[in-house]
Amino acid sequence: MTVAEKFYTDLHKMIKYERANTGSSFDAHTLCEKIATSFSNNNRGMGELPAAIAHYWISQYIDNAQDPSTEPSDNSLVALTAFQAFLDNSSEYTEVLTDTDWKELASMVNCEAETLPLDMLTTLMSTLMEKNAL
């Protein structure tokens, strides 16, 4: 199992756990916020970039969904997994990211460039150049 596949599987476990423990009081948006926080915590050492990506994920994939109460959908989970793969320098799942997503990632990386380790910044920028996002 790859790192991206494990992340994706862990997201599903988190959802299953939350639904089982909240019962009728299940709140989809609260769960998505917990997932976003988990994403940020999973990527410590990257400054505020993971939090910015998590915020973008919430605003673009959750709040803009046709029915936010049914989130997180598989599409939104795959997108978050793609963002994780990007941070892990993996191309897995990233084919689902749109040109807009790549441009937003470039903008976020540029904003956080000073707080990122140089080797990580170089890797992220290289990927963004490959995707014509710069």
What list of ³J(HN,Hα) couplings, whole Hz, do you get for region 97-103 from phi and the Karplus terms 6.51, -1.76, 1.60, once you set θ to phi - 60° and write x for glycine and proline?
6, 7, 4, 4, 4, 5, 5
Return the whole-Å distance between the Cα centroid of region 100-114 and the Cα centroid of region 5-29.
29
Compare the Cα positions of 11, 58, 106 along the charge dipole of the chain (+1 at Cβ of Lys, Arg; -1 at Cβ of Asp, Glu; about the Cα centre) and return the one farthest towards the positive end.
11
Report ³J(HN,Hα) in whole Hz for each residue of region 123-134, in order, from the Karplus equation J = 6.51 cos²θ - 1.76 cosθ + 1.60 where θ = phi - 60°; Gly and Pro get x.
5, 5, 5, 4, 4, 5, 5, 4, 8, 6, 9, 9
Which whole-number percent is the relative contact order of the chain (Cα, under 8 Å, 6+ apart)?
24
What number, in nm² with one decimal, is the all-direction average of the projected area of the convex hull of the alpha-carbon atoms of region 17-62?
3.3
As a test of understanding, state the convex hull volume per residue of region 73-134 from its alpha carbons, in Å³.
76
Which whole-number value in Å³ per residue fits the convex hull of the alpha carbons of the chain?
97
For region 31-36, Karplus-derived ³J(HN,Hα) couplings (6.51, -1.76, 1.60; θ = phi - 60°; whole Hz; x for glycine and proline) come out as 4, 5, 5, 5, 5, 4
Of all C-alpha pairs within region 30-90, those more than 14 angstrom apart amount in percent to 51
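Only the coordinates and a few stated rules stand behind these numbers; no lab work does. Fair warning: this is a prediction, and the values are worked out from it, not measured in the lab. FYI the Cβ positions are ideal-geometry reconstructions off the backbone, even for glycines, and counts take in every protein chain you see.
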